[in-house]
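Trainee: What follows is a single structure, and I will ask about it in a moment.
Just so it is clear, none of the values below were taken in a lab; they were calculated from the coordinates. Bear in mind that the values here come from a model prediction, so they are computed numbers and not experimental data. Ideal geometry is used to build each Cβ from the backbone, glycine not excepted, and the neighbour counts take in all protein chains shown.
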Amino acid sequence: MTEPTTGAPAVPRTRSCPFLPPDGIAAVREAAPVTRATFTSGHEAWLVTGYEQVRAVLRDPSFSVRVPHALHTQDGVVTEKPGRGSLLWQDAPEHTGDRRMLAKEFTVRRMQALKPNIQRIVDEHLDAIEAQGGPVDLVKTFANPVPSMVISDLFGVPVERRPEFQEIAEAMMRVDQDAAATEAAGMRLGGLLYQLVQERRADPGDDLISALITTEDPDGVIDDMFLMNAAGTLLIAAHDTTACMIGLGTALLLDRPDQLALLREDPSLIGNAVEELLRYLTIGQYGGERVATQDVEIGGVRIGKGEQVVAHILAADFDPAFVDEPERFDITRRPAPHLAFGFGAHQCIGQQLARIELQIVFSSLLRRFPTLRPAKPVEELRFRSDMVFYGVHELPVTW
Ligand code: HEM
């Protein structure tokens, strides 16, 4: 269904402070937490910015993820999406069943068991950085490779194929290449995942893919395609997000010496600090896109069947109705239920792993380099304003 164009104002996207939400989004929320806006693609849709209203959208089964328009791209064209096992692009009831099967494998035990390996991966990268000597680009040498090694561990990618896996994963996220190159990287990733699935079928280990292969599956849902979709989604959902949080989180900590000093003085604040970093940066900067499958009311506003909605989690995490003085970055805040991992049926399945990883990353980085400092002023950094997940393209640091 095409929505009528009424000349609604453009959704705010420009940030005068790179660590704060776009200018004007707070005013939009104050004026109307559910309102019409025009998006990058030129389409109009509902823009939801209030904390309670965003939660109301994300938990309401009347909304589907199979949206008609890609609001945040220039052409608005929705590309073909993967099916069973891909979660992000599935609705209930298939989503519910497939997610249950995947979630079963994201156990506390499995995540805790990854800890020593995550620590080892982090330490090895810090050793290499130290040996190289400053200044180094922390994105290239640390923020990007660490999450891809962690996910390789989770999937049981054999050590000798990890460099290739990492190279492809990084090629998938690059912006300085054309669509054909990204597609080619996607094809190579598909080939690699197919090979991995076949190897695990022949010789199961204690990794996540083997666990899925051997899980109870009375309806015979878990075929090769399911496994490749699941692994592909997990890889993409886990890699770019965590990498962005590491790069941008470090940039923010270095920009706020008082908070950095607090964390250095009391390393036990790390859990709180990571929650505040997640809230403050809420890197899923465009929010969750949904479409109403029936008429529904959100915050007293009627949203018609077929109309598209953006649940703006970044604006919601700065709603004063949710958190006092939202623009104050304060790692001593009592952690509150922020929406950086989304909410409702599609809430991030990997959040526990992300938290463990970020805690190890920031603690180890600060411990290893007590004099870590930026090698370039914040104003000269290139921020990922045009990408789904916000972050820094590079972060030169020295010590
Ligand atoms: C700091 C890092 C991360 C952030 C900020 C993040 C954020 C998010 C958000 C906002 C969503 C909800 C999307 C929506 O409602 O449309 C989501 C979903 C998801 N995330 Fe994460 N994520 C992170 C790390 C991870 C990791 C490490 C994994 C896996 C190991 C992961 C796997 C997933 C999956 C599979 C979904 C889809 C769940 C579903 O649709 O049911 N994420 N994530």
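Trainee: Nearest 20 debye, what's the magnitude of the dipole of the stretch 32-102 about its Cα centre given +1 on Lys and Arg Cβ and -1 on Asp and Glu Cβ?
Mentor: On the way: 8 positive and 8 negative charges, 42 e Å.
Using only the charged Cβ atoms, the result is roughly 200 debye.
Trainee: What number, rounded to the nearest 500 deg cm²/dmol, is the helix-based mean residue ellipticity at 222 nm of the chain, given -39500 (n - 2.57) per DSSP H run of at least four residues and division by all its residues? Display every interim value, and only then the final one.
Mentor: Details: 13 runs with 180 residues, N = 399.
Value at 222 nm, helices only, nearest 500: -14500 deg cm²/dmol.
Trainee: Let me spell out the model: positive unit charges on the Cβ of Lys and Arg, negative unit charges on the Cβ of Asp and Glu, origin at the Cα centre of the chain. What dipole size does that give, in debye rounded to 20?
Mentor: Details: 39 positive and 56 negative charges, 100 e Å.
Dipole size: approximately 480 debye.
Trainee: Mind checking which of LEU353, LEU196, VAL159 is farthest towards the positive end of the chain's charge dipole, using Cβ charges of +1 (Lys, Arg) and -1 (Asp, Glu) about the Cα centre?
Mentor: Positive-most Cα among the choices belongs to LEU353.
Trainee: Of MET172, LEU58, GLN112, whose Cα points farthest to the positive end of the dipole of the stretch 25-398 (charges on the beta-carbon: +1 Lys, Arg; -1 Asp, Glu; origin at the Cα centre)?
Mentor: So the residue we want is GLN112.
Trainee: On to the next question. Mind checking which of PRO257, PRO18, ALA128 is farthest towards the positive end of the chain's charge dipole, using Cβ charges of +1 (Lys, Arg) and -1 (Asp, Glu) about the Cα centre?
Mentor: Positive-most Cα among the choices belongs to PRO257.
Trainee: With a Förster radius of 35 Å, plug the Cβ-Cβ distance of ASP386 and VAL159 into 1/(1 + (r/R0)^6) and report the FRET value to the nearest 0.05. Walk me through the numbers before you get to the answer.
Mentor: Numbers: r = 35 Å, r/R0 = 1.01.
After rounding to 0.05, the efficiency reads 0.50.
Trainee: Can you figure out the FRET efficiency of GLU327 with THR73, using R₀ = 22 Å and their beta-carbon distance, to the nearest 0.05?
Mentor: Details: r = 29 Å, r/R0 = 1.34.
E between GLU327 and THR73, to the nearest 0.05, is 0.15.
Trainee: Which of these, ALA185, ALA27, ALA345, has the largest mean-square fluctuation under a Gaussian network model of the chain (Cα springs below 10 Å)?
Mentor: Residue with maximal mean-square fluctuation among ALA185, ALA27, ALA345: ALA27.
Trainee: Which pairs in the list LYS115/LYS140; LYS81/LYS376; LYS81/LYS104 are over 31 Å apart, alpha-carbon to alpha-carbon?
Mentor: Details: LYS115/LYS140 23 Å; LYS81/LYS376 40 Å; LYS81/LYS104 24 Å.
Correct reply: LYS81/LYS376.
Trainee: How would you order 253-263, 288-298 from highest to lowest mean count of nearby Cβ atoms within 10 Å?
Mentor: On the way: 253-263: 15.9, 288-298: 18.6.
Sorting 253-263, 288-298 by mean packing, highest first, produces 288-298, 253-263.
Trainee: Just to be sure I understand the model, the point goes 7 Å from the Cα along the line to the Cβ. What's the resulting ASP123 to ALA180 distance in nm?
Mentor: Spacing of the two 7 Å Cα→Cβ label points: 4.7 nm.
Trainee: If you don't mind, there's one more thing I want to ask. Rounded to the nearest 0.05, what FRET efficiency do VAL378 and GLU94 have when you use their Cβ-Cβ distance and R0 = 51 Å? Present the calculation step by step, with values, prior to reporting the outcome.
Mentor: Details: r = 44 Å, r/R0 = 0.87.
In this case the efficiency is close to 0.70.
Trainee: Would you mind pulling out the separation of the Cα centroids of the stretch 91-128 and the stretch 245-309, in Å?
Mentor: Value for the Cα centre distance between the two parts: 21 Å.
Trainee: I would also like to ask the following. Using the crude model of +1 on Lys and Arg Cβ and -1 on Asp and Glu Cβ, and no other charge, please compute the dipole size for the stretch 311-362 relative to its Cα centre, in debye to 20. Working shown, then result.
Mentor: Working: 4 positive and 7 negative charges, 43 e Å.
Its charge dipole is roughly 200 debye.
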